[in-house]
Amino acid sequence: MKTYLMKTLYFFVALLLGNLTQLQSQSFILQQKLIQPDPFAGDNYGNSIDVTGDLMIIGDPSDYNDLAGSFTTFTSGAAYIYRRDTDGIWNFEQKLVFPNRPRQVDYGYEVEIDGDYAFVSAIFGDFSTSEEQLLDPGNLFIYKFNDQTTTWDLWQSLEAPVRETRAYYGMDFSYQNGTLIVGESWQTRDPNNPGAAVNAAGVVHVYNLNSGSGKFELVQSLVAPDRSPQAAFGYSVDFDGDKLIIGAARERHEINGQAINLGGSSYYYQKDASGIFNFVQKIVPDNVASGDFYGLTTTISADLMAVSAPFKNITNSSGTWFKQGLVYLYKYDTVTNSWSEIEQITTTSLGGNMWYGHDMDLEGNRLVVSSYQDRFMGPSGFLTPAGAFWLHELSTDGTVVNSSQVSALDQNPSSFVSEFGYSCAISGNIVVVGAPDNEYDLNDDFTNEESGAAFVYKLDQTAGSRESVTPAISIYPNPAKSTLNVNAETDFFSYSIQDLTGKEVLQGKNHRSMEAIPLDDLASGLYFINVEFLDYKEVIKFIKIQ
């Protein structure tokens, strides 16, 4: 196992609030790397992931192999279930596939596992008993663990109550305590009023487990109170207890006479005493812009919530970082029964196209966020989109108080492109991330086959952070005029200086434990110096004056 004392001091930019929050790091132990038992080039193992307790499920919507492990000439998809033993090792338990394995149904697009139930969606599937065959209506398959045979058996298949071509039933779903909520983001018709058609407006379906039959029964279909064309209501769904958040990532807005296309929104529903979810609040960020896809991912836990806009452009005085990505943090107000935005966060890495917030999972006060195009300096000296995930700890008021980042390069310095962090999930002290373009085997040897992988990390709460001891580095003077002196405990590998926008303005490599950095070319203002050692990084804020 490898231990990563990742990025031991960070300054995370709260863009909307305009303040800076000092963040300490977490320590991670890489417990295990998982690869499917039947890998093949072109698979997307790790496209979706869920972990609950000692159970894990990993989706591969591009899987080529049948249950016998034999190669087929077409993709159909699969899901793989793992169980953790008493030694903490995750062992492969069973492979699941779409019945009869039809072509290109994206089985494994989304997965979830909890207790005796496993759920797998196939958004391009058509497994209906109806004689009418449709293109890509979508299906959701429910598996139940059989104690007698110790196998996961197909228990139930679900489809939309009003089936439609390219409705993508199962685009996202969420299960908890006998309630299953399924998004059908491109559905045009309202199941409550099938004659009311709004093109690709979207629908969300609520199912409850019948304790007698053991089957899931449809109890409610939800539509947005202001249905609009191609809004994709149900693109993301998540709920906790009586609180339900639904993303409509493609919704169009008209703000001050300006069209905001693909800006996105989220809708909050609350369950009443009779078990019915009722619309309460629509949330649209004040800084929503075209192409943000706000609501692409939603996650909720008790009175905390996060909604992502992974294609959000971050614009400032130095320019625009395209598709950098942004996550909005919310806190629930029990007095007003509504959500208030607390903070906006993004990755600290340089450059655009990070897609921070592509996937998220919130459990308690721990939020894990994927940034699978996050760029890092690779062995060639160029920024490479290796991918990363972030773990943020939130305070009771919803602000970030602690953050850590792990990248693909931390695991394997040669792993240039793996989409590491494409999917992510958290359960207790375990964080699991998918890398569907991984080309390295379990020994980190290059295979030249993009078949995918998953990485299991454990949050090591016993490891002390460097903030609890003498600081590793110091800088002086601060404010600095013409020279910034850096004094480190040991020789450091490299340094870089960034302005408030995250733009790198100075950098250097292979320096001594004491270094004088000339600042004559820098304008007055606030900067951050990133000093990187072999296994950790520290960041210190300083002011440049004339």
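The values are calculated or read from the model by the stated rules, or taken from the named source; none is laboratory data. If you're wondering where the values come from, they're calculated on a predicted model, not measured in any experiment. Cβ: placed from backbone, ideal geometry, glycine included. Neighbour counts: every protein chain shown.
Only one of the numbered conditions (1) under 19 Å from LYS282 (Cα atoms); (2) at pLDDT below 95; (3) among the hydroxyl-bearing types (Ser, Thr, Tyr) is violated by SER236, and that is (2).
If you take the residues of the stretch 31-90 that are polar (S, T, N, Q) and part of a strand (DSSP E or B), which of them is nearest to GLU363 (Cα to Cα)? Talk me through it step by step, then tell me what you get.
Restricting attention to the stretch 31-90, the residues satisfying the condition of being polar (S, T, N, Q) are 31-32, 36, 44, 47-48, 52, 62, 65, 70, 72-73, 75-76, 86.
Still in the running and part of a strand (DSSP E or B): 31-32, 48, 52, 65.
Working: GLN31: 20, GLN32: 21, SER48: 17, THR52: 11, ASN65: 34 Å.
Only one residue tops the list, namely THR52.
In the stretch 131-140 there is no residue matching the filter, namely being of a type in the set (Gly, Ala, Ser) and either assigned to a strand (DSSP E or B) or more than 28 Å from the chain's Cα centre (by Cα) (or both). So which residues in the stretch 80-138 are in contact (Cβ under 8 Å) with a residue 60 or more places away in the chain and aromatic (Phe, Trp, Tyr)? Listed by number, the residues that qualify are TRP90, TYR109, PHE119. Only one of the numbered conditions (1) closer than 24 Å to GLN104 by Cα; (2) hydrophobic (A, V, I, L, M, F, W, C); (3) in a strand (DSSP E or B); (4) over 24 Å from the mean Cα position of the chain (by Cα) is violated by ALA160, and that is (3).
Could you check, for the stretch 271-282, whether at least one of its residues is part of a strand (DSSP E or B), closer than 24 Å to CYS424 by Cβ and touching a Gly at 6+ places or on another chain (Cβ under 9 Å)?
Of all residues in the stretch 271-282, those part of a strand (DSSP E or B) come to 271, 277-282.
With the extra rule that they be closer than 24 Å to CYS424 by Cβ, the set shrinks to none.
No, there is no match, as no residue in the stretch 271-282 is part of a strand (DSSP E or B), closer than 24 Å to CYS424 by Cβ and touching a Gly at 6+ places or on another chain (Cβ under 9 Å).
The set of residues in the stretch 164-214 that are of a type in the set (D, E, K, R) and modelled with pLDDT under 90 comprises GLU164, ARG166. Within the stretch 91-113, the set of residues being assigned to a strand (DSSP E or B) and crowded, with 18+ Cβ neighbours inside 10 Å comprises GLN94, LYS95, LEU96, TYR107, GLY108, TYR109, GLU110, VAL111, GLU112, ILE113.
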